[in-house]
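Structure first, commentary second.
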Amino acid sequence: MPGAPLTGAGRGEWRTSAGFILAAAGSAIGLGNIWRFPFLAGQNGGSAFLIVYTAIVFTIGISLMLAELAIGRAAARNPVGAFAKLKGGAWPVVGFLGVLAGFVILSYYSVVGGWTIAYAVRAAGGALATTDPAALGSIFTHLIGDPVEPLAWHLVFMALTIGIVVGGVNAGIERWNRILLPALFVILIVLVVRAVTLDGAGRGLAFYLKPDFDRIGIGTIRDALAQAFFSLSLGMGTMITYGSYLARRENLLRAAGSVTGLDFLVAFCGGLIVLPAVFAFGYDPGAGPGLTFITLPAVFAHMPAGELFAVLFFALLGIAALTSAISMLEVVVAYFVDEWRMTRRTASLVCGAVIFVLGIPASLSFGALAGVTIGGKTMFDAMDYLASNLLLPLVSIGVALFVGWVMGDRAVEELTNRGTIGFPAARAWRLACRFVGPAAIAWVLLSGL
Ligand code: TRP
């Protein structure tokens with residue numbers, strides 16, 4: 001690698017604690033919360049999924065978030081450089097897999113991000129104002145299968161992401177999250193109020209909130225675990241990277257609690273918007289990934305001022321996706337800036353362009369290239385599979401083992417600012433990093449292969 005890694009003030013630092021919390025929450029809150037969580041809950045028995053998900057997020061999930069933050073702030077480097085600085089040997093490979101996952105995931109995540117913009121525009125033009133799921137299904141398949149339109153939106157989405165990351169940690173990422181996240185919360189509240197006050201929302205609320213332990217199965221636990229990691233942006237070094245810009249005096253325990261809590265709250269609200277609305281108008285909550293793009297527009301078409309709510313909803317989805325995409329691009333940019341001495345501008349433009357190109361086959365796999373498969377999967381599915389089922393779990397296992405066994409006491413010192421902050425759960429946390437976390441993730445990894 002050319003030159004010595006960049007360190008110190010030249011890397012950038014969050015201006016305020018709130019700025020960091022908003023940026024990290026912006027990373028965590030994404031398509032995972034508003035698109036994926038509600039349909040998984042709909043498929044997995046509603047409240048049963050919510051119960052298991054809650055339990056996992058606030059135990060293993062928050063533990064791994066703390067682990068990534070501890071590594072990031074201790075080293076003040078990108079994921080590869082962080083492992084190299086703290087220990088060396090083969091450990092940087094873990095970070096490298098994270099950077100690789102960043103390239104792969106962002107390329108198809110941006111394609112879906114593009115769909116959300118396309119949908120917001122269609123909703124604004126009244127093109128989604130039908131209650132017929134078959135008609136909406138065909139609008140969706142036409143959009144995603146088109147050889148040109150989704151690529152144009154993918155380009156727009158990547159351009160926005162690059163534009164913000166080029167601005168740097170303060171003037172780009174922190175500033176835009178400070179604007180976009182509050183906007184997201186406002187839209188979220190409006191939509192929750194609308195959904196829970198619909199006539200007939202009661203059955204959806206009961207399905208989602210009335211505890212039903214009988215429907216909890218092994219599959220529920222596995223899906224909830226994988227969803228928790230994805231939703232908290234774990235396994236890519238995102239929190240290592242964002243943590244590397246945190247000042248020594250910041251309270252990591254409080255930061256991790258806030259970020260995890262906000263991410264959970266938004267997923268919970270995602271369910272509160274989607275499930276009551278779907279039940280109120282008699283659609284199938286188990287419709288799977290199509291729930292957002294096919295069933296929900298039908299739901300909006302039934303409501304007074306539905307067009308407005310449809311635009312708000314897809315704007316919400318697009319904003320959530322954008323603040324997550326920023327964090328993924330930042331992981332790869334931080335790597336090239338720190339380790340290869342690239343300027344932020346060059347790294348953002350070059351990596352962003354590569355990611356855009358990688359996303360093209362992912363997008364075309366819904367149309368022109370639908371016949372091209374890798375191991376029986378379309379290219380979109382193959383990329384998601386490679387990243388979500390292999391790279392992310394491997395990185396998370398590496399992070400947990402590294403913090404639990406290699407950093408040891410040093411990690412606890414990092415989280416307590418050299419013993420000046422109380423951490424009553426330190427022993428449980430170490431147990432989670434040493435045994436429980438790696439074992440649970442290994443189980444998800446093996447069952448997904
Ligand atoms: N957490 C985001 C979501 O819920 C997606 C995301 C951002 C992510 N960074 C990540 C997922 C890193 C895994 C790893 O949509």
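Quick notes
- The Cβ shell under 11 Å around Gly237 holds other residues with a net charge of -1, Lys and Arg each +1, Asp and Glu each -1.
- Cα centroid of segment 351-415 to Cα centroid of segment 243-317, whole Å: 23
- Put Trp115, Trp405, Trp153, Trp340 in order of accessible area, highest first, and with a 1.4 Å probe you get Trp405, Trp340, Trp153, Trp115.
- For Glu339, neighbours were defined as the other residues whose beta-carbon sits under 14 Å from its Cβ, and their charges (Lys and Arg +1, Asp and Glu -1) total +4.
- Top positive-direction residue, dipole computed over the chain with Cβ charges, set Val372, Pro182, Ile221: Pro182
- Ranking by accessible area, most exposed first, for Thr260, Thr378, Thr141 with a 1.4 Å probe: Thr141, Thr378, Thr260
- With respect to the chain, whose longest principal axis is taken over its alpha-carbon atoms, helix 47-56 is tilted by about 10°.
- Segment 129-216: C-alpha gyration tensor shape, a/c 1.5 cut-off, then a/b vs b/c: oblate
- Assuming charge only on the beta carbon of Lys and Arg (+1) and of Asp and Glu (-1), the dipole of segment 310-449 about its Cα centre is about 200 debye to the nearest 20.
- Of the trypsin sites (Lys or Arg not before Pro) in segment 368-449, the ones in a loop by DSSP (not H, G, I, E or B) with at most 10 other beta carbons within 10 Å are Arg418.
- The Cβ shell under 12 Å around Asn251 holds other residues with a net charge of +2, Lys and Arg each +1, Asp and Glu each -1.
- Segment 236-386 shape via C-alpha gyration tensor axes, a/c threshold 1.5: oblate
- Angle in degrees between helix 175-196 and the longest Cα principal axis of the chain, rounded to the nearest 10: 40
- Cα-based shape type of segment 31-132, given that a ≥ b ≥ c are square roots of the gyration tensor eigenvalues and the cut on a/c is 1.5: oblate
- Carbon + sulfur, % of accessible area of segment 99-140 - ligands and nucleic acids excluded, 1.4 Å: 69
- Solvent exposure of Leu100, expressed as accessible area, is near 80 Å², computed with a probe of 1.4 Å over the protein chains only.
- Between 0 and 90°, nearest 10: helix 17-28 axis offset from the chain longest Cα axis: 60
- Length-normalised contact order for the chain - Cα pairs under 8 Å, 6+ apart - percent: 35
- When the chain is treated as a GNM with alpha-carbon contacts under 10 Å, the residue of Val259, Val436, Val148 showing the greatest mean-square fluctuation is Val148.
The values are calculated or read from the model by the stated rules, or taken from the named source; none is laboratory data. Source: prediction; values computed, not measured. No Cβ is skipped: glycine too gets one built from the backbone with ideal geometry, and neighbour counts run over all protein chains shown. The accessibility values were calculated without ligands, DNA or RNA, using every heavy atom of the protein model including side chains. Shrake-Rupley method; radii C 1.70, N 1.55, O 1.52, S 1.80 Å.
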